[in-house]
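These notes are about the structure you will find just below.
The values are calculated or read from the model by the stated rules, or taken from the named source; none is laboratory data. As the structure is a prediction and not an experimental result, all values here were calculated from the model. Because the Cβ atoms are built from the backbone with ideal geometry, glycine has one as well, and the counts that use them run over all protein chains shown. These area figures cover heavy atoms from the full protein model, side chains too; ligands, DNA and RNA do not enter into them. Shrake-Rupley method; radii C 1.70, N 1.55, O 1.52, S 1.80 Å.
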Amino acid sequence: MERRTERRSASLSARLIAGSAVLALLVAAAFGVLVFAVTSLDDATKRERHAKAVTAETLQLEKLVLDLDTGLRGFVLTGKQNLLAPWTSARAALPDRLTAFRRLASTTPDERRRAEELVTAINRYVNDYAEPVVAIARTNPAASRTMVVSQEGARELAGIRTRFADFLSTENAVSAARTSTAQDRSDAAIAAAVAGMIASALLIVGFGLYLARSMAGPVREVAEGAARLAGGDLTTRLEPHGAGEVEDLTHAFNRMAERLEAGRRELEEQNERLRESELAKSELVSVVAHELRTPLASVLGFTSVLLQREVTDEQRREYLNIIEAQGRRLSALVNDFLDVQRLEEGKLSIGSELVDVGRVVREQTELFAGQSPKHLLDVSLPPTPLPVRGDSNRLAQVVANLLSNAIKYSPHGGVVRVAGKRNHDVVRVSIQDEGVGIPAELQREIFGKFVRGHATAEGIEGSGLGLAISRSLVEAHGGSIDFESTKGRGSTFWFEIPTASPG
């Protein structure tokens, strides 16, 4: 690779030197016809006038495009029809202006190409963006004011303005070059032709030698960088230097390397997400298999007993109560799974009504009060309402999850203290138990999905989804949820939601 690079660099140097020598010979030979240079001054002057005319026409066309954008933006932002006047007048004048611009900017193939590119960009902006946006603004103003539409228009207009700037810059450079050429010819006709041409020949040879050195080195660096990039080193970057196209080549190389590196990072991130997704799926299958097995076995077992054996009315009632309880447990598990899916997909709807959190807490504690004779629910609520703006059913779900956890995770019974109060601009609800507590190593991830700690080993039922769902629901109400816990001494969970005015 290095030998091949050296051969190519040497060939480039030889060509530059040979080209410089040929140019020197041509300049020396051109001395004989230099006397005719004066006759070309008039032609150069005409070309200069034409370049100025093209510049003026370009500026007029640019103003017309800006008028189009001004009228479009005014109409989209305000919806006022009179602000569309600049757009209407500019749109009507645009075809004639484009025709005049094409006619003037067609003296050379390069100028014609740049002019056609500019005209194509303007037509694309008008036909593919501006006119559809105006039509949308007339029928659906809100859709025309989205960030996507605004950014698309800004990007299209920025591209057109860049093309205008490039076109004018090139025209000015061409005009300046023509003027300089005419002046040089006039000076050359007056000056000593022989001395001037000899000096020019020497300068060209020196410039050729300079180009040979300045281009061969950067090209070699690009070749070496490409070899490192092909070898897997995507951090390879080149220092841009050299003249003209060589510097452009290094910039293009760096952009390619950056995109390749970004692509690799994106692939690595996608792989990581896939691994996390597979892990979550495995956890879900494990939890579903474990949590659904027990209630299903109870339902099937006691149903089989009722179908195959004669039992007393008291036994039948007891078995049916067990079946009902396990069925409710299955229903709660399924609802938890569905809620998690809706929350992850952003499809869970949250109401926005005036809710008295005190009433929600009171209702839920009454429901849970008789579930476990070993627990005493001590409720402390103010006499005045605790108003928030939200969904009463979802807030009841949060309170129920926290109460259920407080009872489940204090299997030996005890007091569960439930308190609600208004604290400045938030309503705070806390639930304290005297249970097993949460080990310190699990506290950081306790609000994650399927996190149950040692609950499974201790025979405590649950899916590990209640706290994750509760946190999402509280945050959807603009609030926060947190806890304090010591292993073996119980836990205190609380959530806070901004208060709402009763009016």
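The table that follows gives values for the structure above.
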{"item": "Estimated FRET transfer efficiency (residue 304, residue 147; beta-carbon r; R0 56 Å; 0.05)", "result": "0.35"}
{"item": "Extension reserve of the residue 444-residue 320 stretch, reckoned as 0.36 nm per residue once the Cα distance is removed", "result": "40.5 nm"}
{"item": "Label-point gap, in nm, between residue 492 and residue 374 - each point 7 angstrom along Cα→Cβ", "result": "2.4 nm"}
{"item": "Nitroxide proxy distance, nm - points 7 Å out along Cα→Cβ at residue 124 and residue 482", "result": "5.3 nm"}
{"item": "Label point distance in nm, residue 274-residue 63, each placed 7 Å from Cα along Cα→Cβ", "result": "5.9 nm"}
{"item": "Rounded FRET efficiency, nearest 0.05, which uses the C-beta distance separating residue 166 from residue 88 and R0 of 25 Å", "result": "0.30"}
{"item": "Per residue value of the accessible surface for region 43-86 (all protein chains in place, 1.4 Å probe), Å²", "result": "52 Å²"}
{"item": "Relative contact order [Cα under 8 Å, 6+ residues apart], region 354-456, whole percent", "result": "27 percent"}
{"item": "Taking the C-alpha atoms of region 61-172, convex hull volume expressed per residue in Å³", "result": "85 Å³"}
{"item": "Portion, in percent, of the accessible area of region 40-178 that falls on carbon or sulfur, probe 1.4 Å", "result": "57 percent"}
{"item": "Theoretical gain in end-to-end length, residue 107 to residue 366 [0.36 nm per residue, Cα-Cα removed]", "result": "84.1 nm"}
{"item": "Gained length - residue 233 relative to residue 259, 0.36 nm times residue gap less alpha-carbon distance", "result": "8.1 nm"}
{"item": "Residue 131 accessible area, assembled protein chains, probe 1.4 Å, Å²", "result": "70 Å²"}
{"item": "Rounded to the nearest 10 Å², the accessible area of residue 409 at probe 1.4 Å", "result": "60 Å²"}
{"item": "Computed E for residue 179/residue 251 - FRET, C-beta separation, R0 35 angstrom, nearest 0.05", "result": "0.65"}
